[in-house]
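Working notes, structure below.
The values are calculated or read from the model by the stated rules, or taken from the named source; none is laboratory data. This is a predicted model, so every value here is computed, not measured. Cβ atoms come from the backbone with ideal geometry, glycine included; neighbour counts cover every protein chain shown. Protein only, heavy atoms only, side chains kept; ligands, DNA and RNA dropped before computing areas. Shrake-Rupley method; radii C 1.70, N 1.55, O 1.52, S 1.80 Å.
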Protein chains: 2
Amino acid sequence: MTNPQKGQEQEMFELYHFEAAANSMKPLLCLHEKGVDFVSRQLNQDGKRWEQYSDWFLKINPDGQVPVLVHDRHVIVESTVINEYIEDVFPGEVSLRPHDPCWRAQMRIWTKYVDEYVCPALTVIGANFATPFAQKIDKAEMEDVLSRIPLEGPRRKWETVSSTGYSEEEVADARRRLGVAVERAEKALSEHQWLAAPAYSLADVNAYSMISGTERVAPEALNEQAAPRVFEWLRTMDERPAVRQVLERYGRRPAPPRAA
Amino acid sequence: MTNPQKGQEQEMFELYHFEAAANSMKPLLCLHEKGVDFVSRQLNQDGKRWEQYSDWFLKINPDGQVPVLVHDRHVIVESTVINEYIEDVFPGEVSLRPHDPCWRAQMRIWTKYVDEYVCPALTVIGANFATPFAQKIDKAEMEDVLSRIPLEGPRRKWETVSSTGYSEEEVADARRRLGVAVERAEKALSEHQWLAAPAYSLADVNAYSMISGTERVAPEALNEQAAPRVFEWLRTMDERPAVRQVLERYGRRPAPPRAA
């Protein structure tokens, strides 16, 4: 990839990330859509785990959270903020923020909604799937890991996941909330071609990164009968060259085709 | 106030808001700092209540949430998004977003943190203070109000407040989380003059709007001994002409002087 703005004066962009899903996928997709050159630093590969809480990574982000963008000596955290930062630094040829301030506001309402409403629900569902794996982890290893998690949110999640798991009520409520979000997306896509606006934006990048696998983990919340427009939007997103590149390079495995 | 950008071609800005506190204070303060002309539409004055769930207001914001900025025919919701919108429309003479993208990212990390971590904790504490009032409301009135609240978050809050109230554990945890936030602010203010950066920004506007009354509702979390820099920052903020104007015009009552 080339950096269209900087020519030979390449600055160093490093992205610390997990495999291409959820919050890690957001900046991967933004960088690929914009054709910004960067160095990928993928954590937890080749059987490694918990690298986000290792000493070397905590020196980069003391919160122990991924993704992190390092631009020369500057460390930018929080995937949604990182994507706005990439836009600020490369307003460039490919803009993922609508020029019109009203549409730009709609974009931010969506990225905020994804962070505050969709992400916590998916976290519960994802953590619920992780419970059988987490309960098999050696107790001493788990205690050591828990003692290294700096933020209370992730620490509480792993405490829950590795002990009792989430209750049926909590998981059911998370699934219900995903259904609410899908309904909202279906309505939005009846009003304009993309999620927040007539043009493709960070709202699509961020929402797709979070929910592209939802039909598999919560088919009652996301299925083609209930949300035909969301399904069409997902299929259109699947075909974008940037999405294909990101999944090929950093995806866990080839994504299965969407249900017909 | 004059609009420095538009001269005689005034566009119509209307802000629907409650009294100057918390989320309503954010855009009030942003507009006053920037000297943007607007029409104030304050809800729940003169003994009225629940206007945010009235038919006339739900036509403006179907979510029943305040503040709302109406710019000509465009409706912008979410206080943090509104403030970014005001900056997008009036980049102007007074900028509340750092020009440098790195500091701008730090500003957004703070506004996000205020929304996702500080605001939910303050909501529990504020709602806890509202319980004695809410439990006196006529049952039929409360049921009618609850049936009109569109979003599940506020509806659940008022269900809790008007029945059992929050548990001691929930309130204690909210107070603890406020303490964590104050510590984070104290550390930030040891690194630069303002909350997110060397320059005054929307991070200060938003954080002050949320926590300026915290020393009264949660003195164990915010007091001058534990957080001298936060206290100095609050006093400096108190003296800003825009803050004084906003509190004079839209404050509940003259703010008492801060504890010495």
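Numbers below:
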quantity	calculated
Members of region B:120-150 found to be farther than 21 Å from B:Arg175 by Cβ and small (Gly, Ala, Ser), listed by number	B:Ala140, B:Ser147
Search result, residues across region B:79-94 that are in contact with a helix residue (DSSP H, G or I) (Cβ under 7 Å, 6 or more places away or on another chain) and not in a helix (DSSP H, G or I)	B:Phe90, B:Gly92, B:Val94
Matching residues, region B:178-208, being closer than 17 Å to B:Val246 by Cα and of a type in the set (A, V, I, L, M, F, W, C)	B:Leu202, B:Val205, B:Ala207
Residue match in region A:123-134 (condition: part of a helix (DSSP H, G or I), modelled with pLDDT of 95 or more, crowded, with 19+ Cβ neighbours inside 10 Å and not hydrophobic (A, V, I, L, M, F, W, C))	no
First in region A:188-204 and at pLDDT 95 or above, second anywhere and surrounded by 21 or more Cβ atoms within 10 Å (Cβ to Cβ) and among the β-branched types (Val, Ile, Thr), Cβ under 7 Å, 6 or more apart	A:Leu189/A:Val230; A:Leu202/A:Thr111; A:Ala203/A:Thr111
Test for A:Arg184: is it within 14 Å of another protein chain (Cβ to nearest Cβ), at pLDDT 95 or above and open to solvent by 50 Å² or more (accessible area, probe 1.4 Å)	yes
Failed condition for B:Asn3, given (1) open to solvent by less than 40 Å² (accessible area, probe 1.4 Å); (2) assigned to a loop (DSSP other than H, G, I, E, B); (3) more than 11 Å from chain A (Cβ to nearest Cβ); (4) modelled with pLDDT of 95 or more	(4)
Residues located in region B:33-85, provided they are β-branched (Val, Ile, Thr), facing chain A (nearest Cβ under 9 Å), touching a Cys at 6+ places or on another chain (Cβ under 9 Å) and within 20 Å of B:Val246 (Cα to Cα)	B:Ile82
Selection status of B:Asp37, out of contact with any Ser or Thr (no Cβ under 7 Å at 6 or more places or on another chain) and either in contact (Cβ under 8 Å) with a residue 24 or more places away in the chain or within 19 Å of A:Asp100 (Cβ to Cβ) (or both)	no
In region B:97-114, residue farthest from B:Val161 (Cα to Cα) [restricted to those that are in a helix (DSSP H, G or I) and open to solvent by less than 20 Å² (accessible area, probe 1.4 Å)]	B:Cys102
Single residue of region A:87-106 satisfying the filter (facing another protein chain (nearest Cβ under 9 Å) and aliphatic (A, V, I, L, M)) that is nearest to B:Met107 (Cα to Cα)	A:Val89
Any chance B:Arg49 is of a type in the set (Lys, Arg), over 11 Å from the mean Cα position of the chain (by Cα), surrounded by fewer than 18 Cβ atoms within 10 Å (Cβ to Cβ) and more than 23 Å from B:Asp144 (Cβ to Cβ)	no
Filter result (within 22 Å of B:Pro120 (Cβ to Cβ) and open to solvent by 60 Å² or more (accessible area, probe 1.4 Å)) within region B:211-251	B:Arg216, B:Pro219, B:Glu220, B:Ala226
Top-ranked residue in region A:69-96 [being at negative phi and of a type in the set (Gly, Ala, Ser); ranked as surrounded by the most Cβ atoms within 10 Å (Cβ to Cβ)]	A:Ser79
Any hit, region A:46-53, residues being farther than 22 Å from A:Met210 by Cβ, of a type in the set (Lys, Arg) and modelled with pLDDT of 95 or more	no
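Table: residues versus (1) open to solvent by 60 Å² or more (accessible area, probe 1.4 Å); (2) among the hydrophobic types (A, V, I, L, M, F, W, C); (3) part of a helix (DSSP H, G or I); (4) on the phi > 0 side of the Ramachandran plot.
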{"site": "A:Ala140", "(1), (2), (3), (4)": "yes, yes, yes, no"}
{"site": "A:Arg156", "(1), (2), (3), (4)": "yes, no, yes, no"}
{"site": "A:Val161", "(1), (2), (3), (4)": "no, yes, yes, no"}
{"site": "A:Thr164", "(1), (2), (3), (4)": "yes, no, no, no"}
{"site": "A:Asp173", "(1), (2), (3), (4)": "no, no, yes, no"}
{"site": "A:Gly179", "(1), (2), (3), (4)": "no, no, yes, no"}
{"site": "A:Ala196", "(1), (2), (3), (4)": "no, yes, no, no"}
{"site": "A:Tyr200", "(1), (2), (3), (4)": "no, no, no, no"}
{"site": "A:Ser209", "(1), (2), (3), (4)": "no, no, yes, no"}
